[in-house]
Each structure stands twice: as C-alpha cells, then as structure tokens.
Amino acid sequence: MIGPHAGADLHALAAAHPGFVLPGYVDDLFGYLDEIPVMVNPMVTGGGLKNKVLEAFAASKAVVTTRLGVEAFPEVTAEHCRVVDRPAAMAEAVLSLLDDAETGRALGERARELVERYYTWPAVGSAWSELLMNLGGVQLR
C-alpha cells in the first residue's frame, strides 16, 4: 500500500512477510510505480471513480481488480485488466501476471491506450461538448 495511512493489520502483515512492502508516502508516485509489475485493487466497498485504477492504467501497469474497482469505466474489458471478485481468483490472477511479464506488459499498454482515448482532459472535454451539442446546440470551444 502506497500512502501514509496503512492500518495496523497491514503493518502486521508486512512484518510477517518480508516481500510485503509498505512504502508509506512517496514523493514521485509514477517513479515508484516503475518498480511495481502489478497493481492490485481488492475493492469490495465504495463508489465513484477509482482514480487509483486510472493512475495505474496511465502508468501502463497490469491491474487486477474487482468489478467494483472498474464499475465507473464501462469501456474496460479483459483486454485492459483482470477483473475477479473472489480472493483466491485474485491471488491466482496476480501470480499469473507476475509469472507472465509479457501478458502484464500488453495489458498495461492497452490500459494506457484506454486512458488516452477516454480519460484525458481533451477526450472528456470533447465528449461533454458533443453531449451539450446533442442536448441543445451549445458548443464549447
């Protein structure tokens, strides 16, 4: 977990497993992400946009998430990330991507393309402009 607010349960897990790292706050998120092969988003509650998933997509990272983690992104398919809802399936998907770096790289590249197509400011602005034009002839410049 990146960020300053890891709970006691995560600290205990990190202490028990040397490969489990809690870096805390990092100055350069994208620089740090260069070292991370797979982003895991085991989200089971919450709503709205999942900016962490978009950030990982923008960084061309392979992502393993639950359906809830990508519910706000209707364009996301199995071509962009692995979506699983059972803990054992999530672990299996993560291990599979760690074992097959080429598949993870390809997922990350397609996820980055998805962000560029739908989630950059120009793409969102164009979609809003089109929507407003269809609603009443208002044009944004």
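The values are calculated or read from the model by the stated rules, or taken from the named source; none is laboratory data. It should be emphasised that the depicted structure is a prediction, and the values quoted were computed from it without experimental measurement. Glycine also receives a Cβ, built like all others from the backbone with ideal geometry; neighbour counts cover every protein chain displayed. Remember, those area values only see protein heavy atoms, side chains included, never the ligands or the DNA or RNA. Shrake-Rupley method; radii C 1.70, N 1.55, O 1.52, S 1.80 Å.
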| task | Quick one: in the stretch 30-59, of everything that is assigned to a loop (DSSP other than H, G, I, E, B) and under 23 Å from residue 19 (Cβ atoms), which residue is nearest to the chain's Cα centre (by Cα)? | result | 59
| query | Limited to the stretch 41-92, what total is found for residues that are under 22 Å from residue 116 (Cβ atoms) and among the hydrophobic types (A, V, I, L, M, F, W, C)? | reply | 17
| Looking at the stretch 79-121, which of its residues are assigned to a loop (DSSP other than H, G, I, E, B) and without any contact (Cβ under 8 Å) to a residue 12 or more places away in the chain? | 86, 100, 120
| request: Scan the stretch 1-20 and report the pairs whose first residue is touching a residue at least 12 places away in the same chain (Cβ under 8 Å) and farther than 17 Å from residue 41 by Cβ and whose second residue is open to solvent by less than 90 Å² (accessible area, probe 1.4 Å) and basic (Lys, Arg), with Cβ atoms within less than 8 Å and a gap of 6+ or a chain change. | output: none
| Is there a residue being more than 21 Å from residue 124 (Cα to Cα) and not in a loop (DSSP other than H, G, I, E, B) anywhere in the stretch 66-77? | yes
| remark: Subset of the stretch 83-95, residues surrounded by 15 or more Cβ atoms within 10 Å (Cβ to Cβ) and more than 20 Å from residue 45 (Cα to Cα), comes to 93, 94
